[in-house]
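Notes follow once the structure below has been shown.
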Amino acid sequence: MEENKNLSDMEFMKRALILAENGIGKTSPNPLVGAVIVKNGRIIGEGWHERYGQAHAEVNAVRNASGPVESADIFVNLEPCCHYGKTPPCTEMLIEKGIKRVVIGSVDPNPKVGGKGVQRLREAGIEVIVGVLEEESRKINEVFFHYIEKQRPFVVMKTAMSIDGKTTAPSGESKWITGAEARNDVQKLRNRYSGIIVGVETVIKDDPELTCRLEGGKNPVRIILDSNLRIPQESRVLKDQENNTTIIACTDSAPCERVSALKAMGVRILRCKNFNNHVDLKDLMKKLKESAIDSVLLEGGSAVNDSALSKGIVSKIILYIAPKIIGGEKSKTFVGGKGIDRLTQAYPIRFESVERIGEDLKITAYLKEKGEFHCLQE
């Protein structure tokens, strides 16, 4: 390990956050956690939560330590667990190993922990500091915090459009609006989030695979909105269910024989509440939460996007904007439906960042909480 004698608590925590990112796409529905062990101003051990159900970051950091960790400090971006889950509590391991000081980025929102880990460490005589780079620590685990606090998946609406806001040409053609670099960046999103949602019209029109094409990447669970199970049986999303899971969300109006045929192909069917003859997206979110799906990437068309916004399930928006002008009244925009009647009804968002991806721009924004406005459409 390299010398870090002049590093501050914040700099060691930055290192823990960098390590935590190694778990992207592998730990869901667990959080991303990194840990750094420091003794006499020098890093002697590092680790991160590598995969769901496996050892936590603190355990891996201790295992990787180049020497005894007794009387050392440990920096971890999320409060150490204090309960038995898939693994034993990390607090007890830290106490047993003689750690002197624990520096924590953010308290765990899980009620099973939620400050109890801090309390247990302090009761054992260990100095505990909480809130070092707290904002950054919450940010890296925005999915986890949302999933625990809101009790539903974190929904990211993703779309690609021209600079005049069009997602298709007047003919309906949409491949490809953005460049190769932007499309590759989308694969990183598919690797990061647990599921991907599209409407059945997208499946019928484009016959996508909805997989992650990154080397070593994780395929998201494919979730299709299909109220009456109109999906063609030869669709690519219905194939290879052993390696690529597909869930179809329908309503009670879906024919039983179609349900049976799709189940025989290995597809999972979720019957959801009916809202205006379409899948109730809020009910779908509840059912996905019960299936331990903590996040979804919404890659639907304009009608699906309108439905998601009107039901208030979207937390984040990622827009890829190409340096092209398409025009045309028949060209679709990324949000369809009836739209709003007055500007005071507009969905308020907060811009987070703008960056260049190849020749395109990537805008990241967050929805501010607001009530429902429109009727649901699929």
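The values are calculated or read from the model by the stated rules, or taken from the named source; none is laboratory data. Quick caveat: nothing in here was measured; it's all calculated off a predicted structure. A quick note on method: Cβ atoms are made from the backbone with ideal geometry, for glycine too, and the neighbour counts reach across all protein chains shown. Just so you know, the surface numbers come from the protein's heavy atoms only, side chains and all, with ligands and any DNA or RNA stripped out. Shrake-Rupley method; radii C 1.70, N 1.55, O 1.52, S 1.80 Å.
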How large is ³J(HN,Hα) for each residue in region 338-344, as worked out from phi by the Karplus curve 6.51 cos²θ - 1.76 cosθ + 1.60 (θ = phi - 60°), to whole Hz, x for Gly and Pro? 6, x, 9, 8, 9, 4, 5
Hz values of 3J(HN,Hα) by residue in region 68-75 - Karplus curve (6.51, -1.76, 1.60), Gly and Pro given as x: x, 9, 4, 6, 8, 9, 10, 10
What is the set of long-range amide H partners of Met157 at a cut-off below 5 Å, with H atoms built 1.01 Å from backbone N? Leu298, Ser315, Lys316, Ile317, Ile318
Taking the Cα centroid of region 126-153 and of region 221-242, what is the distance between the two, rounded to the nearest whole Å? 35
For Glu352 and Glu173 in one chain, what is 0.36 nm times their gap in residues minus the Cα-Cα distance, to one decimal in nm? 61.4 nm
Would you mind calculating the relative contact order of region 261-378 from Cα pairs under 8 angstrom and at least 6 residues apart, reporting the percent as a whole number? 32
At 0.36 nm per residue, and after removing the present C-alpha to C-alpha distance, how many nm does the segment from Asp240 to Tyr52 gain when stretched out fully? 65.3 nm
What FRET efficiency comes out for Arg230 versus Lys289 if R0 is 22 angstrom and r is the Cβ-Cβ distance? Round to the nearest 0.05. 0.25
Simple spin-label estimate for Val259 and Lys368 in nanometres, 7 Å along Cα-Cβ: 4.3
Choose one answer from Ala16, Ala72, Ala264: the residue with the largest mean-square fluctuation in a GNM of the chain with alpha-carbon springs under 10 Å. Ala264
Stretchable slack from Gln187 to Ile204, in nm (0.36 nm times residue separation minus alpha-carbon distance): 4.0 nm
Rounded to 0.05, the calculated FRET efficiency for the beta carbons of Asn64 and Lys282 at R₀ = 41 Å is 0.40
So what is the orientation-averaged projected area of region 1-158, using the convex hull of its C-alpha atoms, in nm²? 8.9
Obtain the nm distance between the two label points defined at Asp164 and Lys139 by a simple spin-label model: each point lies 7 Å from its Cα along the Cα-to-C-beta direction. 3.6
Averaging over all projection directions, find the projected area of the Cα convex hull of region 5-78 and quote it in nm² with one decimal place. 4.5
At 7 Å along Cα-to-Cβ for each site, give me the label-to-label distance between Thr344 and Gln151 in nm. 3.3
Counting sequence-distant residues (5 or more places) and residues on other chains, those with an amide H built under 5 Å from that of Ser295 are Phe154, Ser194, Gly195
In Å², what does the accessible area per residue of the chain work out to with a 1.4 Å probe? 48
Quick check: at a probe of 1.4 Å, how many percent of the accessible area of the chain sits on carbon and sulfur atoms? 48
Region 43-88-region 286-353 distance, computed between alpha-carbon centres (Å): 39
Bin width 10 Å, origin at 0, all Cα-Cα pairs of the chain: what percent of pairs per bin? 5, 22, 28, 22, 15, 7, 1
